[in-house]
Ligand code: EPU
């Protein structure tokens, strides 16, 4: 059984080498999720493939699909908790899709790997409003689109005119109005690769946009941990509850609770941060499940994960 699996992997590896060489895509082996995610934990991954253009990325996933090679997209890894096992799939890194945004009137076209905070600054300078509240969210545009990132009353989905996705080897634009932009969730399906978007924004005085942007950033700095190894808010706020998840966990006295190298942030209780070289994904998961158990017992609420849990099995 193990032998068959190894044989399959080696056939797969040969195919990946052939495809990436032909398409000119950078391919790396020997990486760990601990290097690829902001929580700095998680096990080995077989391959990291990093296309440089949207067209190259679309061609790449098409070829992987034809060879039935499993892959997952990853941006800056700031909303992912991958377990400590060996992950036998391919990471399609969007980090190199970071060409400078193109401005046309009130529109901006940007690729998935571009930094979201940088885009907030760029659009504010151009006098375009709509995403200034998202300044300081440490992620890529692709990740923000995937989960409809939001903060301080704004969500990226509301300004998306077109999203570019990979379909049958091509870059295809779909209207933002055809996507369901829910709270930290969209109608995009696993297996869909987001390549970029055109945002239609609202003209406003750059000074006023920048002032709102700075306000959002300073509020974030004052209330959330920064510089720490986190994945942002760990759980969603429950839809029907009158208080948010952070306050609920805080009221249970759980700030500072530690399991191995994982700690409930003393600054915001809906953040789990990791510390030290020995921190494991299992520590963060154990702590998260302990929080869920307490909240269920005391409030009868089933907290839903806001971070994505990636399993090696
Ligand atoms: N609070 C506490 N203790 C805590 C945390 C919060 O008492 O440990 C209180 C605050 O003082 C405040 C209230 O709870 O009165 C709400 O807190 P906050 O303003 O921080 O908002 P939140 O609901 O906890 C949400 C988003 C954040 C986003 C902020 C600001 C979710 C799960 N969280 O947090 O998003 O940055 O609003 O808009 O929706 C994320 O998506 O990763 C994230 C961090």
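The values are calculated or read from the model by the stated rules, or taken from the named source; none is laboratory data. Quick caveat: nothing in here was measured; it's all calculated off a predicted structure. Because the Cβ atoms are built from the backbone with ideal geometry, glycine has one as well, and the counts that use them run over all protein chains shown.
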Only one of 227, 256 is within 16 Å of the ligand (Cβ to nearest atom) and modelled with pLDDT under 95, namely 227
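Counting only residues that are in a loop (DSSP other than H, G, I, E, B) and either on the phi < 0 side of the Ramachandran plot or away from the ligand (no atom under 16 Å from the Cβ) (or both), how many does the range 54-81 have?
Number satisfying all stated conditions: 8.
Scan the range 93-108 and give yes if some residue there is under 19 Å from residue 162 (Cα atoms), more than 16 Å from the ligand (Cβ to nearest atom) and part of a helix (DSSP H, G or I), otherwise no. Give the steps one after another, and end with the answer.
Just the residues of the range 93-108 that are under 19 Å from residue 162 (Cα atoms), to begin with: 94, 97-108.
When the remaining residues are screened for being more than 16 Å from the ligand (Cβ to nearest atom), the result is 94, 97-108.
Restricting the remaining residues to those that are part of a helix (DSSP H, G or I) gives none.
For the range 93-108, residues under 19 Å from residue 162 (Cα atoms), more than 16 Å from the ligand (Cβ to nearest atom) and part of a helix (DSSP H, G or I): absent.
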Which of (1) in a loop (DSSP other than H, G, I, E, B); (2) under 16 Å from the mean Cα position of the chain (by Cα); (3) away from the ligand (no atom under 16 Å from the Cβ); (4) within 21 Å of residue 307 (Cβ to Cβ) is the odd one out, the single condition residue 84 does not satisfy? (2)
Which members of the range 192-224 meet the condition of being within 29 Å of residue 283 (Cβ to Cβ) and either at pLDDT below 95 or surrounded by fewer than 16 Cβ atoms within 10 Å (Cβ to Cβ) (or both)? 220, 221, 222, 223
Determine if the range 258-280 includes at least one residue that is more than 23 Å from the chain's Cα centre (by Cα) and part of a helix (DSSP H, G or I). no
From the option list 161, 192, single residue qualifying as in contact with a helix residue (DSSP H, G or I) (Cβ under 7 Å, 6 or more places away or on another chain), more than 16 Å from the ligand (Cβ to nearest atom) and without any contact (Cβ under 8 Å) to a residue 60 or more places away in the chain is 161
Among the residues of the range 264-303, which ones are within 13 Å of the ligand (Cβ to nearest atom) and closer than 25 Å to residue 227 by Cα? 264, 265, 266, 267, 268, 269, 270, 271, 272, 273, 291
Taking the range 236-249 as the search range and keeping residues that are more than 25 Å from the chain's Cα centre (by Cα) and surrounded by 12 or more Cβ atoms within 10 Å (Cβ to Cβ), which one is nearest to the ligand (Cβ to nearest atom)? 243
Does residue 142 satisfy being in contact (Cβ under 8 Å) with a residue 60 or more places away in the chain, closer than 22 Å to residue 95 by Cβ and either surrounded by fewer than 16 Cβ atoms within 10 Å (Cβ to Cβ) or in contact with a strand residue (DSSP E or B) (Cβ under 9 Å, 6 or more places away or on another chain) (or both)? yes
Which of the residues belonging to the range 109-138 are at pLDDT 95 or above and assigned to a loop (DSSP other than H, G, I, E, B)? 112, 113, 114, 126, 127, 130, 131
Filtering the range 95-127 for residues that are more than 26 Å from residue 208 (Cα to Cα) and without any contact (Cβ under 8 Å) to a residue 60 or more places away in the chain leaves a count of 4
